[in-house]
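Report on the structure given below.
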Protein chains: 2
Amino acid sequence: MSQSTLEYALANRIRGLNSSAIRKAFELAGTLKDPINLSIGQPHFPCPENIIEAGVKALREGKTAYTLTAGIPQLREALSLKYRKENSIPYATPERVLVTSGISSAFLLLFNALLNEGDECLVVSPYFLMYPEYIKIYGGKMHTISENFKPGDLAQFRDKRLKIIIFSSPSNPTGTILNKEQLTSLADLAERTGAYLISDEIYEKFDYDKQFHSVGSFYEKAITLSGFSKTYSMTGLRLASILAPEPIIKALTTLQQYTLVCAPSVTQWMGIEALKTDMSSYIADYREKRDFVYENLKDFYEVKKSQGAFYFFLKIKDRDEDFIGRAVKEKGLILVPGYIFVDSPNYIRISFASEWDNLKRGVTALRELAVA
Amino acid sequence: MSQSTLEYALANRIRGLNSSAIRKAFELAGTLKDPINLSIGQPHFPCPENIIEAGVKALREGKTAYTLTAGIPQLREALSLKYRKENSIPYATPERVLVTSGISSAFLLLFNALLNEGDECLVVSPYFLMYPEYIKIYGGKMHTISENFKPGDLAQFRDKRLKIIIFSSPSNPTGTILNKEQLTSLADLAERTGAYLISDEIYEKFDYDKQFHSVGSFYEKAITLSGFSKTYSMTGLRLASILAPEPIIKALTTLQQYTLVCAPSVTQWMGIEALKTDMSSYIADYREKRDFVYENLKDFYEVKKSQGAFYFFLKIKDRDEDFIGRAVKEKGLILVPGYIFVDSPNYIRISFASEWDNLKRGVTALRELAVA
């Protein structure tokens with residue numbers, strides 16, 4: 001049988017969906033000998049032992065069956081407590097919490113449940129690469145606003161019929177944390193336009209200068225996304241949560257019955273233990289790395305000091321794809337191109353979620369590439 | 001804030017999506033004292049210890065990071081071997097295998113990737129309840145054909161522009177296994193109409209009289225879905241696989257990057273061990289239960305002898321919802337209504353995935369309900 005792709009008619013909604021450039025970097029890393037890898041979007045430290053052992057316990061207790069669709073009650077309870085205490089969201093109750101299989105599946109539920117064809121969305125830019133892809137899949141229209149916006153800059157959207165406003169803070173790819181004034185103005189815009197305000201807080205704990213606020217702490221209708229993947233180094237175990245008004249949680253739960261059924265049972269039990277785990281020493285290590293990278297690159301690249309997450313977004317003179325090609329060829333250095341995060345070909349993303357040795361070699365290589 | 005659902009505008013595609021009647025039964029069971037539960041769609045035995053210990057090992061070895069999108073290579077390899085040996089599918093290679101987070105997420109990928117609005121689908125009836133819901137979500141049009149069809153009955157569809165043909169064999173809810181002549185005629189219809197032929201084989205091992213065939217063994221373009229959930233009692237761990245021609249696997253893998261990212265890492269390692277595990281004693285136990293239920297109910301209900309899975313689909317004189325209400329009230333017996341599986345209100349589904357005691361009490365209650 002000949003197997004050209006043409007033989008297979010795919011649905012229109014997934015045409016143009018590209019294999020992620022990050023995954024390509026991931027695969028490239030497998031083919032190089034001793035590469036310097038600054039492309040990794042996940043922690044380099046292991047998942048803490050107490051969380052691992054909670055998983056072992058759940059397995060040996062036979063916790064392998066379906067859980068309730070919205071998540072095991074103990075985890076929803078623990079999450080609502082976390083939202084109240086750590087995010088200062090006073091109205092967080094277990095009924096407003098949905099446990100999902102990672103943040104990406106939360107996007108799937110949200111965009112699937114909320115976005116009609118032709119609906120307009122506002123995305124803070126640079127943005128996590130999945131947002132525009134989801135908007136594309138479900139036929140929405142995307143507007144962007146720079147993460148450096150002042151409240152007045154939002155005026156242009158006040159009379160639009162926005163359906164979704166979405167941002168990540170701390171940001172992937174820039175590490176920027178939106179300030180309270182910015183968050184307030186986004187909430188005001190959501191309230192005025194009737195848009196759903198989706199706050200992707202997966203990097204909330206990676207907050208190096210104590211600047212992070214949950215928009216949900218002062219805007220009750222906010223849809224807050226929280227993840228376990230990055231904070232506890234359990235990206236492969238697929239666990240996240242959505243906090244939202246109850247009618248939304250109900251609709252998403254129904255949709256989850258037909259998509260993921262439930263988040264992985266054993267991972268849910270690990271999540272309860274994770275919420276009790278102090279990760280501050282890991283964060284302190286990343287803060288030191290953040291400072292090191294900034295101090296050593298700021299004179300070589302136009303770059304904003306990252307406030308959170310574990311990324312820097314460097315401006316470069318070349319096109320990103322050319323620069324990345326040169327970095328691989330000359331230095332064995334793996335980077336992520338900026339075009340997937342912003343409408344410009346002149347940025348690269350680097351990650352400092354790395355061992356010191358790899359990070360130092362990477363920074364040296366970047367300095368050399370800048371002056372070459 | 002008032003929170004009527006009306007305040008929240010949901011996307012059209014999920015309007016009319018109902019909370020599953022099975023989940024309702026599940027919740028009802030939690031409220032009754034000492035119920036007889038014949039509604040459960042999952043094995044009553046524990047996941048075998050060697051599989052559990054493979055999970056423990058993976059956890060303690062720190063296998064908590066993202067895996068490759070399509071699954072860990074060792075599992076894809078093991079699955080392709082399984083397809084070749086156990087399903088007699090000679091062209092199964094690792095490149096044709098995608099590892100997903102349970103069969104439901106395989107449906108999500110497939111319907112999302114393949115179905116355009118208005119596309120026509122043929123579903124063998126009674127059908128697994130998710131098929132019509134997915135067709136509804138993505139705006140398709142559903143035709144049905146009885147599972148008792150003769151090849152000639154398919155003539156009416158030969159000139160239709162079908163996009164998807166889907167069935168489960170062994171069937172949930174009837175336990176029917178399609179015979180080779182039926183499978184061949186479905187493959188012929190798929191070939192003629194250009195439809196994707198999706199064979200849901202999640203109950204493949206629950207084949208009590210050695211009647212099961214994979215349609216993929218003689219139709220290379222078949223899309224074969226296999227699960228770990230039911231066979232190894234790991235429904236909550238979320239693992240399944242899709243075998244399909246490579247261009248389809250590539251498209252689905254790209255979509256998986258944006259939806260589930262990867263199946264749970266630890267579960268994937270458990271999957272490798274599961275494929276080495278002999279479950280025949282468990283199947284023998286279910287065969288005995290199948291026989292017991294049939295012998296004890298056949299004179300009380302119009303019912304076909306189940307050949308596989310762990311269900312019987314009983315015809316009743318009352319409306320299903322009325323019968324089920326009476327069963328709960330008079331006997332504390334929990335059943336699943338048939339209307340979610342077939343376009344008729346006169347069936348109920350019972351599951352014999354149960355301890356003997358519960359099963360015997362259930363059968364007695366059903367006999368009493370029939371003559372009351």
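Please treat every number below as a calculation from the coordinates, not as lab data. The structure displayed is predicted, hence computed values, not measured ones. Note that we place each Cβ from the backbone using ideal geometry, even for glycine, and neighbour counts take in every protein chain shown.
Using only atoms on other chains, find how many Cβ atoms lie within 10 Å of each Cβ of peptide A:247-259 and report the average.
Numbers: counts 7, 5, 0, 3, 7, 2, 2, 8, 7, 1, 9, 13, 13.
Across A:247-259, the average partner-chain Cβ count within 10 Å equals 6.
How high is the relative contact order of the range A:141-253, in percent, counting Cα pairs under 8 Å that sit 6 or more residues apart?
Values: 167 pairs, mean separation 24.1, N = 113.
Answer for the range A:141-253 is 21 percent.
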For the range A:284-360 and the range B:142-200, distance of Cα centres in Å: 53
For the range A:65-275 the mean separation of alpha carbon contacts under 8 Å (6+ apart) over residue count, i.e. relative contact order in percent, is 28
May I ask you to order A:85-92, B:47-54 by the average number of other C-beta atoms within 10 Å around their residues, highest value first? B:47-54, A:85-92
Surrounding net charge for A:F312, when Lys and Arg each add one and Asp and Glu each subtract one, Cβ distance under 12 Å: +4
The range A:185-270 pair-distance distribution - Cα-Cα, 5 Å bins, rounded %: 3, 12, 18, 21, 20, 15, 8, 3, 0
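Run the numbers on chain A and let me know its relative contact order in percent, using alpha-carbon pairs under 8 Å that are six or more apart.
Details: 688 pairs, mean separation 88.0, N = 372.
Over chain A, the number comes to 24 percent.
Shielding of A:52-65 by partners, i.e. mean partner chain Cβ atoms within 10 Å per residue? Please list the in-between numbers first.
Details: counts 8, 3, 1, 7, 7, 1, 3, 12, 5, 2, 6, 3, 16, 12.
Taking all residues of A:52-65 together, the mean is 6.
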Treating only the Cβ atoms of Lys and Arg (+1) and Asp and Glu (-1) as charged, compute the dipole magnitude of the range A:144-285 about its Cα centre; round to the nearest 20 debye. 440
Whether the range A:125-223 is rounded, prolate or oblate, judged on the alpha carbon gyration tensor where a/c under 1.5 counts as rounded: oblate
For the range A:65-275, what are the per-bin percents of Cα-Cα distances with bins 5 Å wide, up to the bin holding the maximum? 1, 8, 16, 21, 22, 17, 10, 4, 1, 0, 0
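Taking K and R as +1 and D and E as -1, what net charge do the other residues with C-beta under 14 Å from the C-beta of A:G140 add up to? Working shown, then result.
Working: positive: A:R13, A:K136, A:K141, A:K160, A:R161, A:K163, B:R13; negative: A:E117, A:D119, A:E120, A:E133.
Computed value for this residue: +3.
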Using the Karplus equation 6.51 cos²θ - 1.76 cosθ + 1.60 (θ = phi - 60°), what ³J(HN,Hα) coupling, rounded to whole Hz, does each residue of the range B:88-101 give in order, writing x for Gly and Pro? 6, 9, x, 8, 5, 10, x, 5, 9, 10, 10, 8, 10, 8
When you take every Cα atom in chain A, what is the radius of gyration, and what is Dmax, the widest Cα pair distance, in Å? 20.7, 61
Calculate the radius of gyration of the Cα atoms of the range A:37-91 to one decimal place, then report Dmax, the largest Cα-Cα distance, as a whole number, both in Å. 15.6, 42
Here the whole-number average of other chain Cβ atoms within 10 Å per Cβ of B:228-241 is 4
Label point distance in nm, B:K24-B:E295, each placed 7 Å from Cα along Cα→Cβ: 3.6
How would you rank A:225-235, B:347-357, highest first, on the average number of other Cβ atoms within 10 Å across their residues? A:225-235, B:347-357
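Tally Lys/Arg at +1 and Asp/Glu at -1 over every other residue whose Cβ is under 13 Å from the Cβ of B:D159; what's the total?
Working: positive: B:R158, B:K160, B:R161, B:R192; negative: B:E120.
Around B:D159, the charge tally is +3.
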Starting from the Cα of B:K315, step 7 Å along the direction of its Cβ; do the same at B:N148; then give the gap between the two resulting points in nm. 0.7
When the range B:327-369 is reduced to its Cα atoms, the Kirkwood hydrodynamic radius in Å: 11.2
Charge dipole (debye, nearest 20) of the protein assembly as shown; +1 at Cβ of Lys and Arg, -1 at Cβ of Asp and Glu: 280
Based on the Cα gyration tensor of the protein assembly as shown, what are the three equivalent ellipsoid semi-axes, each the root of five times an eigenvalue, rounded to whole Å and given largest first? 45, 28, 25
